[in-house]
Each structure stands twice: as structure tokens, then as C-alpha cells.
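The structure appears below as C-alpha cells.
Nothing in this text is a laboratory measurement; each read-out follows from the coordinates by a stated rule. It should be emphasised that the depicted structure is a prediction, and the values quoted were computed from it without experimental measurement. Neighbour counts run over all protein chains shown; Cβ positions are idealised from the backbone, glycine included.
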Amino acid sequence: MYDVEAIYEAKTVAEAIKLRQEHPKAVIIAGGSDVLIKIREGKLAGCELISIYGVDEIRGVKLEDDGTLRIGSLTSFSHITKNELIQKYINVLGEAVDKVGGPQIRAIGTIGGNTCNGVTSADSASTLMAWDAIIELTGPEGVRRVPIEKFYLGAGKVDIHEGEIQTGVLIPKTSYENCKGHYIKYGMRNAMEIATTGCSVNVRLSPDKKIVERLRIGYGVAAPVPIRAHKTEEKFNSAPVSMQTAEGISKAVLEDVNPRDSWRASKDMRLHLCSEMAKRAFIEAVRLCGGEI
Amino acid sequence: MAQYKLVTCTINGKKRSAMVDVRASLTDMLRNDYGLTSVKKGCEVGECGACAVIIDGESFNSCIYLAIWADGKNITTLEGLTHEDGTLSDIQQAFVDETAIQCGFCSPGFMIEAESFLQNGKIYTDDELRKLLSGHLCRCTGYENILRAVKKVMHSRAKTE
């Protein structure tokens, strides 16, 4: 038995919003692989829950008329990895979420929960950051769309207003078109592990594959929240596809990241990882785009 | 105040209903309401895999799955793999033959997991198998015999198809 005061179940987004208004203190539970653990640990013991797990309308991946890729917030990691649209348009997201926990965790964990949990180590977060994902929130006043960089307010804090639930993660066409990316997770073991640091890099190359038209780098556990390496990106947009550029990126990212010492790894270790992972992920992203280094 | 919900689902091929305390995990429901004790209570935080069951074709840790979510679902536990006359399924027999069991606590989870990904008759590499089994902890066998048993079933099923 879980130590919970009450559970309110929503079957539709409208019901979920109503329950959020009626029970403002209740905790939203999607797949539960974070929330139920916190209840077991005692951190959330005695709480009220609003279960949105049964809200099937926000489950699944589809392409909208304007080309936007819509990932319903309740889509599980395993379903994201298996999805053909994900494989075609944002391959790296399927690969990144395939590194979460183990198979059973990936069957229950949802992309919405992974982002709303607000932790920097979330395996989906650096990739969603690096692809300029838009977080869709639905509440009593309607739909609100927030760029994911603005969605993260601080460690464990995200921009969800009272009465709202997250209903989708959107990848605009301008973001995924002609773009390929690669994610590297560094952990102490290969499964059931939280990232020591994670880095997701994607590039769009010029038609002749000689110039990096657009470079985007996202990090997890390089700061209190997932971040983008904006300074590095600006510096190397329009740079030639070369080993020199890869080395340059590797050095430049140190100006963007701000990791800390923790029991998992020291700050120095993480700085080294940030630098090396950016380089390796960049080289792989270029290769996936058909470029040669 | 206790809160209950009628949960109707298919368990090991049979339609079942029970009034369930909403605070119950699926492990609680399967063990306490249906006596399905192959579903083990291990870590109860989704790390060890001893409580794994198949829900609509995918393996889940039933300890971090609310019983109320099981409404309308199709659930298979290890009891459901055993043939009706009590003889063992190919996976169970392979675990016996390959000595993939010592204390036996993790075995139901491993066998359920294997069943979930061997249903489609696909052949996996050793690395893929290790990844597919990575959500289960075994403190006795060192995993080699488990891997061997799973591979044996994988190859024998592929042959018969």
C-alpha cells in the first residue's frame, strides 16, 4: 500500500484540469516512476494524487498539418523509441530515452513526467533542449506554449500554473528539418543508472556538407537545470566541418557549462566530460548528416 | 477514509474483478486478492524487477504500478505461463535445465521479461539480450546461466516457427 491520502483519477484533459482546480495541493502522477518512489521514501507520504495515467488523448506521437511533431506527454519512453516518426525526424530522442533506467522503467516512464520532474539529469531533457522543444500546457484559460528553456525555472521547478497539466512536447519543423543529432550519456554502469553528465548535439549542414549551418548543444547535469551551450553555438555556426571545429567546440563549451561537485562525480570530472562529449557527439552528428571529418 | 475502486481486468486469460483499495500497488492486488505469489515483493521501488508482470504485451514493474490502473488491462504473471496440466512452459524448463535458478526470488521476473520479448520470435544478439534483461537483479547466479536459458528458448522457438 502506498501512503496516500486520496487518489483522483482523470480520463480526459478537461477532467484533469477540473481536478487540478478542485485539489490545488494534490500531486500530479503520470507513470509514477518518480512520484511513487518519493511516496515510498516518505518525501511525499500522505499526499493527495491526481492520476492522469488514464488520459489516453495525450498519449502517442503524430505529425500535425504544419509539420510540427507532437509527442503526447503521456507517451512512454519505450513507445517513443519504437515510434517511426521519432526514428525518422528526431532519431536521437528515441536513443536518449532508451538509456533511461531499464526496460520496465521505460515502459512506465513518460516524457511529460521526465520534463515536469524538473531534474537536470533527465535523459530526455538535453535532447529536447537541443531541439528547441515547445512544452504545451493546458489549463482553465486554454493552451499555453512555452519554449523548454523557459519551462525550467530551477532545480525541480518548472513553469506549470495552477490548474494546468502538460499535454504535449512539440518539435517544430524548422527544428528537425535536415537535422541529425547524437546523445552521449556518461554513467557508472550501462543500465538502471542516472546520468553523471549527458550531452546532446545536433547539426544541420550546408548542401555540400562542408559548413555547419546550425549547431545546437544541450546538456544535462552541467548546471542545476538542463542547459544549452549558446556561446559555443554562436561561435561555431557557419564554421567549416573539420576536426579543428570539433576541437574548438570541445574547448568553447567550458565557458557555457557550470557543473558542480556531487557524490556521483566531481566538478572537474564533469568539466572533462562536458568537453569530450561535445566533441564526440558533434563528430557523430556530422557523420549522421552525411558530413566527413 | 478508505477509498475503493472496482478493478476489472484479464489475469492469465481469465476476466477478474475485485474491489481494490486505491492505495494498492498492482503487486499488492495480484498477491493479496488473487494469490499470485510469483509476483515478488523485492525492492518495491522499481529497481530489482522481481515483481515484473506483462501488461498488454509489455513488461512492467508491478510494484510501481497502481492497482487502479490495471482496470481494462490484460495481465500475465508467471502462473499464466505454466500449462493448464501443471507442466512447465519452455522458459521455465530452460531455467531448470540450465540451472538459471538458485534461491529463485528473481526467477519469476526474469522469466516474465523473457516471455515479453521472445513472443515475436525475433533473434537477438547477446548484447541486446543483456540490455533487455538489465532491469532485473539476481544476487546468486552471476547472470550467465540466465542468459544461457533465455538464449536456448529464443533459438528453439525460432526453429519451430
Reciprocal of mean inverse Cα separation for segment B:90-160 (Kirkwood radius, Å) = 11.9
ask   = Sequence-distant or interchain residues sharing an amide H contact under 5 Å with A:A239, placed H: which?
value = A:V212
Diffusion coefficient, µm² s⁻¹, Stokes-Einstein with Kirkwood Rh over alpha-carbon pairs of segment A:56-174 at 10 °C and 1.306 mPa s = 112
note = segment A:3-42 and segment B:35-73 have their Cα centres apart by a whole-number Å value of 20
query = Taking B:K152 as the anchor, which aspartates and glutamates have their alpha carbon closer than 19 Å to its alpha carbon, excluding any fewer than eight residues away along the same chain?
reply = B:D90, B:D97, B:E98, B:E113, B:E115, B:D126, B:D127, B:E128, B:E144, B:E161
task = In a Gaussian network model over chain A where Cα atoms closer than 10 Å are linked, find which of A:S175, A:S73, A:S121 has the largest mean-square fluctuation.
result = A:S175
task = Among A:M277, B:M154, rank each residue by its count of other Cβ atoms within 10 Å, from fewest to most, as a rough exposure measure.
result = B:M154, A:M277
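Let me know the mean shielding of A:3-12 by other chains, meaning the per-residue number of their Cβ atoms within 10 Å of its Cβ.
3
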ask   = Residue by residue through segment A:181-198, which ³J(HN,Hα) values in whole Hz follow from phi under the Karplus form 6.51 cos²θ - 1.76 cosθ + 1.60 (θ = phi - 60°), with glycine and proline marked x?
value = x, 9, 10, 10, 10, 9, x, 6, 9, 7, 9, 6, 9, 9, 4, 5, 7, x
request  = Would you mind telling me which residue in A:K231, A:K18, A:K43 has the biggest mean-square fluctuation in a Gaussian network model of chain A, where springs connect alpha carbons within a distance under 10 angstrom?
outcome  = A:K43
task = Provide the per-residue ³J(HN,Hα) series for segment A:34-51, in order, calculated from phi with Karplus coefficients 6.51, -1.76, 1.60 and θ = phi - 60°, each as a whole number of Hz, with x at glycine and proline positions.
result = 9, 4, 5, 5, 5, 5, 4, 5, x, 4, 10, 4, x, 7, 9, 10, 10, 8
request  = Might you report the magnitude of the Cβ-based charge dipole of chain A about its Cα centre, with Lys and Arg at +1 and Asp and Glu at -1, to the nearest 20 debye?
outcome  = 740
query = Assigning unit charges at the beta carbon (Lys, Arg +1; Asp, Glu -1) and nothing else, what dipole magnitude in debye, to the nearest 20, does segment A:179-288 show about its Cα centre?
reply = 200
query = Of B:Q119, B:V7, B:Q93, which is farthest along the charge dipole of chain B in the positive direction, counting Lys and Arg as +1 and Asp and Glu as -1 at C-beta?
reply = B:V7
remark   = The pairs in A:K88/B:K131; A:K88/B:K73; A:K180/A:K209; A:K180/A:K210; A:K231/A:K251; A:K38/B:K73 lying past 20 Å Cα-Cα in this model are A:K88/B:K131; A:K88/B:K73; A:K38/B:K73
message = Would you calculate the convex hull of the Cα atoms in segment A:148-293 and tell me its volume per residue in Å³?
response = 129
Assigned charges on the beta-carbon of Lys, Arg, Asp, Glu; segment B:4-78 dipole about Cα centre (debye) = 260
message = Debye calculation, C-alpha points only, no solvent: report log10 I(q)/I(0) for chain B at q = 0.10, 0.13, 0.14 Å⁻¹, in the same order as the q values.
response = -0.36, -0.59, -0.68
note = Per-residue Cβ contact counts at 10 Å, fewest first, order B:T27, A:T110 as B:T27, A:T110
Cα centroid of segment A:87-129 to Cα centroid of segment A:267-282, whole Å = 20
request  = May I ask you to sort B:F117, B:F110 by Cβ crowding, counting other Cβ atoms within 10 Å and putting the fewest first?
outcome  = B:F117, B:F110
message = Per residue of segment B:153-158, what does 6.51 cos²θ - 1.76 cosθ + 1.60 with θ = phi - 60° give for ³J(HN,Hα)? Whole Hz please, x for Gly and Pro, Karplus curve as stated.
response = 5, 4, 6, 5, 5, 5
request  = Two decimals is fine: what is log10 I(q)/I(0) at q = 0.11 Å⁻¹ for segment B:4-78, from a Debye sum with one equal scatterer on every Cα and no solvent?
outcome  = -0.21
note = Residues whose modelled amide H sits under 5 Å from the amide H of A:C47, counting only those 5 or more places away in sequence or on another chain, are A:E5
request  = Provide Rg over Rh for chain A; use the alpha carbon set for both Rg and the Kirkwood Rh (inverse mean inverse pair distance).
outcome  = 0.98
task = Please tell me the relative contact order of segment A:194-253 in percent, rounded to the nearest whole number, where contacts are Cα pairs under 8 Å and at least six residues apart.
result = 29
